[in-house]
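Following: one structure in structure tokens, then a few remarks.
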Amino acid sequence: MARFDTTFDASGVEPLTGYELLPPGDYVAQIVESEMRPTRNGNGEYLWIGMDILEGQHQGRKAYDQLNLINPNPTTVEMAQRTLSAICHATGQLHVSDSEDLHFKPMTIRVSIRKPKDGGQERNQIRYLVPKDEPAPAPARPAAPQRPVRPASGTTPTAPARPTAAPWKAKA
């Protein structure tokens, strides 16, 4: 039991209702809180990000994202690192050592609605827009050939070998 010092009058406070998704569109937002959290299965960690919408009809609303920066799946980590890079470019903070370096830096985000495959609840999906006047970063690896290479007559085609380690962990 928790006893209040005074009587709470709920008639003067609007009740909190269910969570409403932000409508799809572009918004000016800023990160106001962030922290590393363990994944549900305990095999990794993700950067949890809380943002405030700064302008327009939805000013003051919250948006959230998470980036799986530590995960046994290298593709998951690569996607998270690319998203973190987009956040850095969107905020103009290209060298960060702490997620707080990204706090309170206005940026443009694009919100869409992601429909779950398993019949769960719809969620907002966030993309971070890099300013148009910023030059695009150089590609990390060479582009794939435009036309597929056909095997010589009489040979069996084979799939290309997949790297055993993540490309960003390769030693030069």
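In table form, for the structure just shown:
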{"quantity": "Residue match in the range 3-14 (condition: open to solvent by less than 80 Å² (accessible area, probe 1.4 Å) and in contact (Cβ under 8 Å) with a residue 24 or more places away in the chain)", "calculated": "no"}
{"quantity": "Residue in the range 5-21 that is modelled with pLDDT under 95, in contact with a strand residue (DSSP E or B) (Cβ under 6 Å, 6 or more places away or on another chain), of a type in the set (A, V, I, L, M) and closer than 25 Å to Lys105 by Cα present", "calculated": "yes"}
{"quantity": "Index of the failed condition, Gly60 passing every other in (1) within 20 Å of Gln30 (Cβ to Cβ); (2) surrounded by 15 or more Cβ atoms within 10 Å (Cβ to Cβ); (3) free of Cβ contacts under 8 Å to residues at least 40 places away in the same chain", "calculated": "(2)"}
{"quantity": "The range 110-126, subset β-branched (Val, Ile, Thr) and surrounded by 14 or more Cβ atoms within 10 Å (Cβ to Cβ), residue nearest to the chain's Cα centre (by Cα)", "calculated": "Ile126"}
{"quantity": "Residue check, Gly42 closer than 16 Å to Met107 by Cα and assigned to a loop (DSSP other than H, G, I, E, B)", "calculated": "no"}
{"quantity": "Subset of the range 75-109 (residues that are touching a Cys at 6+ places or on another chain (Cβ under 8 Å) and surrounded by 14 or more Cβ atoms within 10 Å (Cβ to Cβ))", "calculated": "Leu102"}
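The values are calculated or read from the model by the stated rules, or taken from the named source; none is laboratory data. None of these values were measured; they are calculated from a predicted model. As a convention, Cβ positions derive from the backbone with ideal geometry for all residues, glycine included, and neighbour counts pool all protein chains shown. Just the protein is used for accessible areas: all its heavy atoms, side chains included, with ligands, DNA and RNA removed. Shrake-Rupley method; radii C 1.70, N 1.55, O 1.52, S 1.80 Å.
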